[in-house]
Amino acid sequence: MYGSKDPLSSNTNRTMMSKQSILLAITCFIAGMTSESILGAFSKLSLVDESSFGWSTLRVTNSTSNDRYQRSEGGYTQQLLTSHSTPSRAPIMEEIIPKNQQHLYAPDKLQFNVTRSMLRQSRPIIGNTERLHLYIKKLHNKQCTTVLFLGGSVTGGHHAKGPENAFPKFFVDWLNEVYPCFNTHDGTPGKHEMKKTHAQNSQTHFIHWSMVSELESIDLTFVEFNVNDHFIDSVPHALEDKGSLMGELNQYADCWYTEAILRRLLLLRKPDPIAIVTFNADYVGRSWATFPPYMDPVKARQTLFRHNEEPIKLWMSALYEIPVFSASIWMLPLASKMGIEMQFNKQFNLTNPYSTGNWHADICCHPRKEGHKILAMVLAYCMLEEEKFMLELEEYPSEKVEIERDLTLEGIIRDPAYLSPDEETLYIQNAMDKNVDDIDFTDPNGQDLWKDLVVANNGWSWFADNADKDKFGLIANEYEGGVHIALSVTGGKFGLVELSYVMSYENFGVSFAWIDGTNDNKIEQMCKKEVTKKSSGTSKKDKKYQKLIAFWDEKASVPTVQILHDKLEEGETKVLHICLTPHNENIQGTENKFKLLGVRLY
């Protein structure tokens, strides 16, 4: 069973096999067999006495496999192979997917054929695997575990008919089948558990960190922000001037927030150190569609990575020695290698089934249901490959120098590359501070936690406005503007007030935010005045009323954040006001909305 010592490592079994081998060799010599015949006889030698171990192992009888390990019902067993073994393998599907799940991964249930050579490319960064090995040992010990998925709409199964058809569920179903577990409190059969958050990218997870820190248990986490982090275009949380280049490259913002998330995860204990994997599940497709009405070819050539954040994820993961599993690293080259026309013209799907037009359910970045099974296969394959390496390492320890150890297991972490000392203190060390107030309007079950903070409301409602009814927020929608809401807020240690809201390409407008000591809207007339990107909407004496612009040109709806100029003293309670201004000429669409996602007080 899992966790048992490899049968071939037993001295008794080695002695048994040695005696069998000597006896067979003598018999062959006496019989005058040729060298080829002798090798054939050895290939029929059973290396493991199955009855001694109570599990169903694979024999090397007439073996044509060159795998060092073969999966059995109880785990991986080593097999000794001669140098004359024929290099041939069973289909990769049969190797990684248990029999009773293979019908779910049949060729007609997948978008395209997945080969072993494709999956081999899914480990671009090996990283430090000590945490991953500790997690695999929990599986071997039949311990039930909690797997946390941090991601956006791809992780949520958007355009795949929801979470039931998304790769997190497929992976955890696989995990429960391959690694059965038992509840520690009573020894009864249990299940590995899946957890997900309702934030969308590294910035919003940074903001609503309590979704992670307040979980009771986390054993393994997959961080999947390869698509959504492209839409982070600034670092409003910066406490120092990051230079002019930062404002031009969203990749810098990605580095900053990715580093913050990785540092928080590495220091978190739930209750053990968490095994962390960066998972690059998909890529932005439309940035490769260089034809109307999508990407202008000149602008496309001006982008650094065609809006693909994978190089950033590889860089940051390598720096922090985080293992990376990736589907996009081999999918994107296969999709585009026959040219842009075949990448998007659906009539060529039979010619190139790996095309972006075939892989995505929309012009952005969302796999179909069948594609999510391929993503689950990538995770399964990478986990099994790491398990095989771990078992081999136990059998044949390799040399390691002291510096190769995972020092973060002892709480020792490298100096940040992008966060300043003040940012490290505030956002990393202080992230564990339960006194930081996080008012989260995205939590489907969180209304009772904030409803008493609303001290005035004229025209705002809390609901989920997307098709899947799972993206909640505090929403105003009024063409003429003027609608107002007021929240009681109390200053934190650093006095910062942070607002997160949705930015979209159509039907979203402009709001004002300010802090004062009254529940009333003192600028009602200003809230009914049209405001554009160019016009301030305020006079010089009214600069305390901060403009929140919720529209942009990018065809995507994503969260963004602003930190208010006004600060609060620690423990000081005042009123935060937000009012929606009227629809203006810059807004695409006939609606005029504003969707508040949360308020955080540092």
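The values are calculated or read from the model by the stated rules, or taken from the named source; none is laboratory data. Nothing here was measured: the structure is a model prediction, and the numbers come from that model. Every residue, glycine as well, gets a Cβ built from its backbone with ideal geometry; the counts of neighbours run over all protein chains shown. Note: accessible area is taken over every heavy atom of the protein model, side chains too, but ligands, DNA and RNA are not part of it. Shrake-Rupley method; radii C 1.70, N 1.55, O 1.52, S 1.80 Å.
The sole residue among 361, 376, 380 that is touching a strand residue (DSSP E or B) at 6+ places or on another chain (Cβ under 9 Å) and aliphatic (A, V, I, L, M) is 361. Considered as a group, the residues in the range 279-296 that are within 26 Å of the chain's Cα centre (by Cα) and open to solvent by 10 Å² or more (accessible area, probe 1.4 Å) include one that is farthest from residue 201 (Cα to Cα), and that residue is 288.
If you scan the range 556-589, which residues turn out to be of a type in the set (A, V, I, L, M, F, W, C) and part of a loop (DSSP other than H, G, I, E, B)?
Going through the range 556-589, the residues of a type in the set (A, V, I, L, M, F, W, C) turn out to be 556, 558, 561, 563-564, 568, 575-576, 578-580, 587.
Selection gives 556, 564, 568, 587.
Run residue 510 past the list (1) hydrophobic (A, V, I, L, M, F, W, C); (2) in contact with a helix residue (DSSP H, G or I) (Cβ under 8 Å, 6 or more places away or on another chain); (3) in contact (Cβ under 8 Å) with a residue 40 or more places away in the chain and report the number of the one that doesn't hold. Every condition holds for residue 510 apart from (2).
Does residue 391 satisfy the condition of being at pLDDT below 95, part of a helix (DSSP H, G or I), closer than 23 Å to residue 136 by Cβ and among the aliphatic types (A, V, I, L, M)? So residue 391 fits the description; yes.
Quick one: which residue in 410, 387, 424 is open to solvent by less than 30 Å² (accessible area, probe 1.4 Å) and closer than 18 Å to residue 320 by Cβ?
Numbers: 410 fails: open to solvent by less than 30 Å² (accessible area, probe 1.4 Å); 387 fails: closer than 18 Å to residue 320 by Cβ.
After ruling out the rest, the residue left standing is 424.
Selection of the range 297-322 for residues being charged (D, E, K, R) and either in contact (Cβ under 8 Å) with a residue 12 or more places away in the chain or surrounded by 12 or more Cβ atoms within 10 Å (Cβ to Cβ) (or both) yields 306, 309, 310, 313, 321. In the range 173-270, counting only helices (runs of 4 or more DSSP H) that sit wholly within it, the ones holding 2 or more residues that are surrounded by 23 or more Cβ atoms within 10 Å (Cβ to Cβ) and in contact (Cβ under 8 Å) with a residue 24 or more places away in the chain span 202-207, 250-267.
Among the residues that make up the range 157-167, is at least one of them closer than 19 Å to residue 225 by Cα, in a helix (DSSP H, G or I) and open to solvent by less than 10 Å² (accessible area, probe 1.4 Å)? Yes, the range 157-167 contains at least one residue that is closer than 19 Å to residue 225 by Cα, in a helix (DSSP H, G or I) and open to solvent by less than 10 Å² (accessible area, probe 1.4 Å).
Determine, yes or no, whether residue 376 is touching a Leu at 6+ places or on another chain (Cβ under 6 Å), open to solvent by less than 10 Å² (accessible area, probe 1.4 Å) and of a type outside the set (Lys, Arg). Spell out how you get there, then give the answer.
Numbers: touching a Leu at 6+ places or on another chain (Cβ under 6 Å): no; open to solvent by less than 10 Å² (accessible area, probe 1.4 Å): yes; of a type outside the set (Lys, Arg): yes.
Taking the combined requirement at face value, the residue does not satisfy it.
Residues that are at pLDDT below 90 and open to solvent by less than 20 Å² (accessible area, probe 1.4 Å) within the range 561-593 comprise just one, 561. Checking each residue in the range 99-121 for being of a type in the set (A, V, I, L, M), surrounded by fewer than 18 Cβ atoms within 10 Å (Cβ to Cβ) and in a helix (DSSP H, G or I) picks out only 104.
Would you confirm whether any residue within the range 122-129 is open to solvent by 40 Å² or more (accessible area, probe 1.4 Å), at pLDDT 95 or above, under 27 Å from residue 266 (Cβ atoms) and within 18 Å of the chain's Cα centre (by Cα)? Break it down stepwise before answering.
If we filter the range 122-129 for residues that are open to solvent by 40 Å² or more (accessible area, probe 1.4 Å), which is where we start, we get 124, 126.
Checking the rest, the ones that are also at pLDDT 95 or above come to 124, 126.
Filter once more, so that each one left must be under 27 Å from residue 266 (Cβ atoms): 124, 126.
In the following step, the residues that additionally are within 18 Å of the chain's Cα centre (by Cα) were identified as 124, 126.
Within the range 122-129, one or more residues are open to solvent by 40 Å² or more (accessible area, probe 1.4 Å), at pLDDT 95 or above, under 27 Å from residue 266 (Cβ atoms) and within 18 Å of the chain's Cα centre (by Cα).
Taking the options 428, 413, name whichever one is of a type outside the set (Phe, Trp, Tyr), part of a loop (DSSP other than H, G, I, E, B) and within 28 Å of residue 243 (Cα to Cα).
Values: 428 fails: part of a loop (DSSP other than H, G, I, E, B).
On inspection, the qualifying residue turns out to be 413.
Can you confirm whether the range 256-265 contains a residue that is small (Gly, Ala, Ser) and closer than 29 Å to residue 449 by Cα? Checked the range 256-265: at least one residue is small (Gly, Ala, Ser) and closer than 29 Å to residue 449 by Cα.
Just so you know, in the range 510-530 the residues that are in contact with a Phe, Trp or Tyr (Cβ under 8 Å, 6 or more places away or on another chain) and closer than 15 Å to residue 483 by Cβ include one that is surrounded by the most Cβ atoms within 10 Å (Cβ to Cβ), and it is 511. Quick check: anything in the range 342-354 open to solvent by less than 10 Å² (accessible area, probe 1.4 Å) and among the aliphatic types (A, V, I, L, M)? No - not one qualifying residue is present in the range 342-354. When the range 463-478 is limited to residues that are part of a strand (DSSP E or B) and aliphatic (A, V, I, L, M), the one that is surrounded by the fewest Cβ atoms within 10 Å (Cβ to Cβ) turns out to be 464.
Figure legend. Inter-residue proximity from the range 549-568: first residues within 21 Å of residue 492 (Cβ to Cβ), second residues surrounded by fewer than 17 Cβ atoms within 10 Å (Cβ to Cβ), beta-carbon distance below 7 Å, spacing 6+ or different chains. Indicated pairs: 561/236; 562/236; 563/236; 566/544; 567/495; 568/495.
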